[in-house]
Amino acid sequence: DRQRLSHPLVGGVILFGRNWNNREQLATLCAQIKAVRDDLLIAVDHEGGRVQRFRTDGFTHLPPMSAFGEMWMVGDAGGDGAMRAMRAMDAATAAGYVLGAELRACGVDLSFAPVLDLDHGGSSVIGDRAFGRDPRVVGMLAQALMHGMRQSGMANCGKHFPGHGFVKGDTHHEIPRDARSLKAILADDARPYAWLSASLC
């Protein structure tokens with residue numbers, strides 16, 4: 001592994017749950033990787049909800065992103081829509097900060113988050129990983145989450161371009177097909193990418 005990591009064409013490492021025992025072991029692993037080359041990027045898929053690689057030894061169990069979308073759309077039945085939106089954005093920023101701070105404390109550089117897919121209701125792969133169906137809400141909540149991550153010093157990467165929420169197929173096992181036109185996909189599912197283009201890493 002050290003020989004592979006020292007190769008100049010290797011840019012980084014992605015960690016999975018199988019690389020995890022506890023916080024001390026994770027911090028040691030990240031330090032060992034950086035000792036090979038300090039410019040290597042250490043990344044992880046760590047979004048909250050069902051996609052959170054590290055869940056024990058003090059890591060906060062973060063809610064799925066749909067919780068923030070529901071807070072925006074429904075909230076606690078109190079307050080108007082603007083107040084609900086502000087509460088949801090504040091909560092997403094706080095979650096982004098916690099997510100990033102806990103990972104940075106162990107030496108992880110980047111999390112593959114936030115999910116920018118729209119929840120069309122048919123994808124078991126995306127589902128509650130999405131902030132919601134409305135691309136405007138998704139864009140605003142993603143911006144808030146990324147703001148919190150940046151405050152903690154964590155780099156981020158929006159996914160899955162141009163959108164995975166409409167198709168039912170799981171890209172881990174098959175090539176999903178979207179019968180819609182490219183124009184329709186870009187006008188709906190890919191909208192958050194256009195709006196966030198100045199913020200995305």
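Structure above, values below:
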item: Lone qualifier among VAL108, VAL125, VAL98 - being closer than 25 Å to LEU186 by Cβ and aliphatic (A, V, I, L, M); result: VAL125
item: Yes/no for ARG55 being among the charged types (D, E, K, R), open to solvent by 30 Å² or more (accessible area, probe 1.4 Å) and assigned to a helix (DSSP H, G or I); result: no
item: Considering residues of segment 66-82 that are within 24 Å of MET149 (Cβ to Cβ) and open to solvent by 70 Å² or more (accessible area, probe 1.4 Å) only, the residue modelled with the highest pLDDT; result: GLU70
item: Check on ARG150, part of a helix (DSSP H, G or I), farther than 21 Å from GLU70 by Cβ, at pLDDT 95 or above and open to solvent by 20 Å² or more (accessible area, probe 1.4 Å); result: yes
item: Residue in segment 96-119 that is open to solvent by 40 Å² or more (accessible area, probe 1.4 Å) and farther than 30 Å from THR28 by Cα present; result: yes
item: Matching entry among MET83, MET71 (being out of contact with any helix residue (DSSP H, G or I) (no Cβ under 9 Å at 6 or more places or on another chain) and not in a loop (DSSP other than H, G, I, E, B)); result: MET83
item: Extreme residue, nearest to MET154 (Cα to Cα), among residues of segment 178-199 that are surrounded by 14 or more Cβ atoms within 10 Å (Cβ to Cβ) and among the hydroxyl-bearing types (Ser, Thr, Tyr); result: SER199
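Residue-wise test of (1) part of a strand (DSSP E or B); (2) open to solvent by less than 60 Å² (accessible area, probe 1.4 Å); (3) modelled with pLDDT of 95 or more; (4) within 26 Å of ALA105 (Cβ to Cβ).
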residue	(1), (2), (3), (4)
SER123	no, yes, no, no
VAL138	no, yes, yes, no
ALA142	no, yes, yes, yes
GLY163	no, yes, no, no
THR171	no, no, no, no
PRO176	no, yes, no, no
CYS201	no, no, no, yes
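The values are calculated or read from the model by the stated rules, or taken from the named source; none is laboratory data. In this text the structure is predicted, and so the values were computed from the model without any measurement. Cβ coordinates were reconstructed from backbone atoms using ideal geometry, including for glycine residues, and neighbour counts include every protein chain displayed. The protein model used for the area step is the full one, side chains on, heavy atoms only, and it has no ligands, DNA or RNA in it. Shrake-Rupley method; radii C 1.70, N 1.55, O 1.52, S 1.80 Å.
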